[in-house]
1. Among the candidates Tyr336, Tyr352, single out the residue that is under 30 Å from Ala129 (Cα atoms) and either touching a Cys at 6+ places or on another chain (Cβ under 7 Å) or aliphatic (A, V, I, L, M) (or both).
2. Identify, please: which residue in region 217-229 is closer than 19 Å to Leu328 by Cα and at pLDDT 95 or above and is, among those, surrounded by the most Cβ atoms within 10 Å (Cβ to Cβ)?
3. Answer yes or no as to whether Ala195 is assigned to a loop (DSSP other than H, G, I, E, B) and of a type in the set (A, V, I, L, M, F, W, C).
4. Looking at Gly71, Gly20 in this structure, which one is touching a residue at least 60 places away in the same chain (Cβ under 8 Å) and not assigned by TED's automatic domain parsing to the domain that holds Phe304?
5. Would you confirm whether any residue within region 32-41 is part of a loop (DSSP other than H, G, I, E, B), farther than 27 Å from Gln16 by Cβ and either modelled with pLDDT under 95 or assigned by TED's automatic domain parsing to the domain that holds Asn346 (or both)?
6. Could you give me the residue pairs with C-beta distances under 7 Å whose first residue belongs to region 218-238 and is closer than 11 Å to Asp286 by Cα, whose second residue is acidic (Asp, Glu) and surrounded by 21 or more Cβ atoms within 10 Å (Cβ to Cβ) wherever it lies, and which are 6+ apart or on separate chains?
7. For residues in region 233-249 being at pLDDT below 95 and either in a loop (DSSP other than H, G, I, E, B) or of a type in the set (A, V, I, L, M, F, W, C) (or both), which is surrounded by the fewest Cβ atoms within 10 Å (Cβ to Cβ)?
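The values are calculated or read from the model by the stated rules, or taken from the named source; none is laboratory data. Everything quoted here is computed from the prediction, not taken from an experiment. When we count neighbours, we look across all protein chains shown, and the Cβ atoms used for this are built from the backbone with ideal geometry, even at glycine.
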Amino acid sequence: MSKYHSYLHTATQIIQAFHGEVPLAVYLKQYFSQHKKFGSKDRKALSALCYQYYRVAHISAGDVPFTICMGAFLCNHQPSAFLETHFPEWNAKIHGSAADKLLFLHLPANILYPFRTHLSPQIEEPSFAASILKQPDVFLRVRPGKWKSVVKALKDAGIAYQTEPHDILRLPAAVKVHEVLHVNRDVVVQDMQSARVLEGLPAGVADGEIKDVWDGCAASGGKSILMYDFLKGRLRLTVTDIRKGILQKLKERLQQARVPVYHAAVADVTTPDHDIHSMFDIILCDAPCTGSGTWSRTPEQLYFFKEKDIEAYQHKQQQMVQNIWPQLKPGGYLVYITCSVFTAENEALVHYTSQLNQAKLLQAQYFKGYNMRADTLFAAVWEKLL
């Protein structure tokens, strides 16, 4: 059996055994730790085949090996020995656009994205659908005062990077930044669009007195660190999450980032009795969502996603906003964030929230990353009138 037949056989085994219980990256790490015969080049090649499979599996009526090869064809633009081994006629067409390749495969051009009826009208479907075929880059948000030392460390390590606005560095996917940088302390691994979600807060919010801030569904804490830097450290931070284990990891991360936590608690803000009774100047609601704006980074989620879950997420998001709104001080700001591109989770939520007592919408916008190998997020900001 040639190496490329072996790759196809092994990738097929991995995919058939994977059912989406954990992220694909975690599953692959566990698989390779149990099968140590694979060298680094083998692991990289097999991982790529698996990811490419999930980018196109929803459009294929073929079996797993056929779909793996289809993924290698649609997601790449350079000839490969793998594709030459299995489908040389496809390999000869590898330089074509996604539209040309779909035409060659006798597939309709609009087949790349299965949930188009739920897309916001603000999202350009052809470009967004094509982005599913591409792995986004890695982005680092450089923390205040750390730019020179971070850039020097990358140069000394020979790691290529590009500078982007908003103190962002773009790196190729799979770069091991933890080996050369103090992650969380000096840089935060954060998508370039995610780093922009506080732009809707009015100018001058970061000035003046210390702000009481509540991150109501803090998860890994990325938005808490962002808010700390945005307010120049002038805040008393309360963090809550429904998951006790996640909250412990969050506190460890914030400690690494040197972000002091005023109060941390397990709280379910989908219920009105969440036991948070303080009043806040700013509330962050980085809501649980479909994640549909990040599926090019995690294509397995696109494959395993159930359309009925959109309504469930929408209901949960409405509950969260309704239950945290009473804790916002008059004159304070609610920042609602998703990494979704669905109208039900964004524009519909804006309409729902804007009907709450004393809610004034200041801004609502998509931060579109699909044309720049980045994620797409949505953020809205309300002021609670006096």
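1. Tyr336
2. Ser224
3. No: the conditions fail for Ala195.
4. It is Gly20.
5. Looking for residues that are part of a loop (DSSP other than H, G, I, E, B), farther than 27 Å from Gln16 by Cβ and either modelled with pLDDT under 95 or assigned by TED's automatic domain parsing to the domain that holds Asn346 (or both), one finds none in region 32-41, hence no.
6. Ala218/Asp241; Ala219/Asp241; Ala219/Asp286; Lys223/Asp215; Lys223/Asp286; Ser224/Asp215
7. Result: Arg243.
Results for (1) more than 30 Å from Ser127 (Cβ to Cβ); (2) assigned by TED's automatic domain parsing to the domain that holds Tyr366; (3) not hydrophobic (A, V, I, L, M, F, W, C), shown as yes or no for each residue.
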residue: Gly208; (1), (2), (3): yes, yes, yes
residue: Trp214; (1), (2), (3): yes, yes, no
residue: Ile225; (1), (2), (3): yes, yes, no
residue: Lys232; (1), (2), (3): yes, yes, yes
residue: Asp281; (1), (2), (3): yes, yes, yes
residue: Thr298; (1), (2), (3): no, yes, yes
